[in-house]
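Q: Just dropping this structure here.
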Amino acid sequence: MLTRNDKILIFSLVTVAAFFFLRLFLISGEGSEALIKVGNRPIQRVSLRMDRTIDLEGEKGSVILEVREGRVRVAESSCLQKICVNTRWIDKPGQTIVCLPNKVLVTIEGKESSKADAVSY
Amino acid sequence: MGRFRILIFLLLLFFICGCGKKEYSRVEFLMDTVVEIKVYHSRKAEAGEAIDSSMKEIKRVEQKMSRFLPASEVSRINKQALSAGKSASGLKEGWIPVSSELFSLLEESVRLSNLTKGCFDVTVCPLWKIWKFEGENIEVPSKREIETALELVAYKNMILQDGKIKFAKKGMGIDLGGIAKGYAVDAAINVLKEKNVKSAMVNAGGDIYVLGRKQGKPWRIGIRHPRKEGEILGIVEVEDRAIVTSGDYERFFFTEGKRYHHIVNPKTGYPAEECQSVTIVAKKATFADGLATGVFVLGPKEGMALIESLEEVEGVIVNKEGEVSVSSGLVSKIEYVNQK
């Protein structure tokens with residue numbers, strides 16, 4: 001009853017569906033990489049799967065990042081107010097840590113699943 | 001016939017699966033904060049060019065309006081105002097020429113000052129100089145210092161006429177800190193519009209404008225919880241609107257058990273204490289920025305009455321006890337996430 005063309009159709013549909021399902025599955029979920037910028041330059045992209053500390057030279061002094069169990073935080077910073085340190089751990093795509101005095105920006109990459117597109121503050 | 005059907009079906013499928021507009025974004029440190037521009041566009045090159053141009057526009061505004069850059073127009077005016085009394089300055093009776101762009105912005109500031117009964121005031125410069133929130137100072141200025149500075153703070157003593165500015169007292173100056181970020185956001189959005197962008201967001205340190213809709217839906221903008229770092233109080237759905245928040249949590253210091261933050265009441269010379277945060281939703285970020293500061297100083301009751309009296313202006317106020325009030329036009333559009 002199924003013609004050859006019908007079979008091709010079903011096969012293509014399933015393939016395309018599987019592709020998009022897989023893509024969705026792979027990029028949703030927790031972020032696995034963080035992008036680090038100092039000033040307006042990207043410095044490095046780090047995997048959150050490997051625990052470590054990263055020493056950065058910010059505009060005003062040193063900033064130390066810590067990666068542990070899929071999360072990242074600023075462990076130490078030379079800045080005065082320590083807003084970056086107090087932001088604590090981030091692990092979800094779109095989340096950021098900013099140190100304005102040192103011009104350090106850490107962003108978790110991946111598809112944003114957070115409830116808001118941006119936050120007014 | 002069958003092959004055709006397959007082809008059409010596959011084509012349709014690809015269209016549905018996101019061959020439309022893609023998101024392009026960039027983040028830069030500008031205007032003493034983090035600026036993010038996000039554009040939805042079908043062409044990568046054009047999106048990139050639009051983002052480039054609007055980032056450049058923000059840099060241009062910063063270079064003109066910042067009080068901290070010695071070469072800015074605002075710095076030049078403040079310097080000339082100091083020497084205005086001296087005949088050597090060559091200025092007739094203290095009039096200082098102003099560019100038409102800055103002149104309009106100063107006129108807008110005066111409108112905001114009138115609306116907020118002077119609670120928003122661009123002549124706060126002398127107060128900023130003694131509080132030094134931008135520096136590393138953690139000292140409260142003496143009562144005398146504040147009294148002296150207050151004598152030089154009054155927008156009514158700033159006279160604007162025919163593209164020129166004059167100050168009634170020597171030592172006065174302007175500080176556009178309460179409005180410049182909003183102005184830069186509007187300027188960046190204008191550039192994006194010129195580049196034919198239909199869907200975009202410009203976010204300069206929490207001063208946001210959203211252009212059009214985001215992939216067919218309104219943008220969802222969170223309002224920061226004033227007492228819980230990293231948490232959202234609620235979310236509002238908006239399109240073609242500016243949303244700007246003034247909060248007491250941004251720049252502050254503790255001394256002798258008391259918290260001093262950066263929104264200084266131009267009438268008392270001390271930080272305003274009636275609110276924790278004020279969010280304004282309006283058609284222009286410039287207006288929203290100035291109004292958020294003015295309403296913060298005005299206080300929750302009078303502030304909300306002002307918001308309600310203005311057309312196409314909505315707002316959310318968190319008072320000093322942490323109680324949230326929402327303007328009538330926003331009640332149905334806010335989704336609470338973390339109210340208490």
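Q: Which numbered condition trips up A:Lys115, out of (1) part of a strand (DSSP E or B); (2) over 14 Å from the mean Cα position of the chain (by Cα); (3) at the interface with chain B (Cβ under 10 Å from one of its Cβ atoms)?
A: Going through (1) part of a strand (DSSP E or B); (2) over 14 Å from the mean Cα position of the chain (by Cα); (3) at the interface with chain B (Cβ under 10 Å from one of its Cβ atoms) one by one, A:Lys115 breaks only (1).
Q: Could you please find all residues in region A:1-53 being among the acidic types (Asp, Glu) and either in contact with a Phe, Trp or Tyr (Cβ under 9 Å, 6 or more places away or on another chain) or modelled with pLDDT of 80 or more (or both)?
A: A:Asp6, A:Glu33, A:Asp51
Q: What's the number of the condition B:Val264 fails, among (1) under 18 Å from the mean Cα position of the chain (by Cα); (2) at pLDDT 95 or above; (3) more than 9 Å from chain A (Cβ to nearest Cβ)?
A: B:Val264 satisfies every listed condition except (2).
Q: What's the number of the condition B:Gly182 fails, among (1) in a loop (DSSP other than H, G, I, E, B); (2) within 20 Å of the chain's Cα centre (by Cα)?
A: Only one criterion is unmet by B:Gly182, namely (1).
Q: From the list B:Gly315, B:Gly299, which residue is under 18 Å from B:Gly234 (Cα atoms) and small (Gly, Ala, Ser)?
A: B:Gly315
Q: Moving on to the next point. What number goes with the only condition from (1) touching a residue at least 40 places away in the same chain (Cβ under 8 Å); (2) closer than 20 Å to B:Arg26 by Cβ; (3) within 15 Å of the chain's Cα centre (by Cα) that A:Asp91 does not pass?
A: If we test A:Asp91 against (1) touching a residue at least 40 places away in the same chain (Cβ under 8 Å); (2) closer than 20 Å to B:Arg26 by Cβ; (3) within 15 Å of the chain's Cα centre (by Cα), just (2) comes out false.
Q: Is it fair to say B:Gly171 is more than 16 Å from the chain's Cα centre (by Cα) and farther than 19 Å from B:Val35 by Cα?
A: On the way: more than 16 Å from the chain's Cα centre (by Cα): yes; farther than 19 Å from B:Val35 by Cα: yes.
Here the answer is yes, as B:Gly171 does meet what is asked.
Q: Wholly within region B:284-338, which strands (runs of 3 or more DSSP E) include no fewer than the required count, namely at least 3 residues that are surrounded by 14 or more Cβ atoms within 10 Å (Cβ to Cβ)?
A: B:314-319, B:324-326
Okay, residues lined up against (1) in contact with a strand residue (DSSP E or B) (Cβ under 7 Å, 6 or more places away or on another chain); (2) buried (at least 16 other Cβ atoms within 10 Å of the Cβ); (3) not assigned by TED's automatic domain parsing to the domain that holds B:Lys56:
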{"residue": "B:Ala149", "(1), (2), (3)": "no, yes, yes"}
{"residue": "B:Ile165", "(1), (2), (3)": "yes, yes, yes"}
{"residue": "B:Tyr183", "(1), (2), (3)": "no, yes, no"}
{"residue": "B:Asn196", "(1), (2), (3)": "no, no, no"}
{"residue": "B:Gly205", "(1), (2), (3)": "yes, yes, no"}
{"residue": "B:Ile208", "(1), (2), (3)": "yes, yes, no"}
{"residue": "B:Arg220", "(1), (2), (3)": "yes, yes, no"}
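Q: Can B:Thr116 be described as modelled with pLDDT of 95 or more, closer than 21 Å to B:Leu291 by Cβ and within 21 Å of the chain's Cα centre (by Cα)?
A: yes
Q: Is it fair to say B:Val238 is in contact with a strand residue (DSSP E or B) (Cβ under 8 Å, 6 or more places away or on another chain), more than 29 Å from B:Gly118 (Cβ to Cβ) and either buried (at least 18 other Cβ atoms within 10 Å of the Cβ) or in contact (Cβ under 8 Å) with a residue 60 or more places away in the chain (or both)?
A: Judged against the criteria, B:Val238 is a match.
Q: Right, here's the next one. Within region B:249-260, restricting attention to residues that are without any contact (Cβ under 8 Å) to a residue 40 or more places away in the chain and within 16 Å of the chain's Cα centre (by Cα), which residue is surrounded by the most Cβ atoms within 10 Å (Cβ to Cβ)?
A: B:Glu250
The values are calculated or read from the model by the stated rules, or taken from the named source; none is laboratory data. What you see is a predicted model, and the numbers here were worked out from it, not measured in a lab. Positions of Cβ are generated from backbone atoms using ideal geometry, with glycine treated the same way; all protein chains shown enter the neighbour counts.
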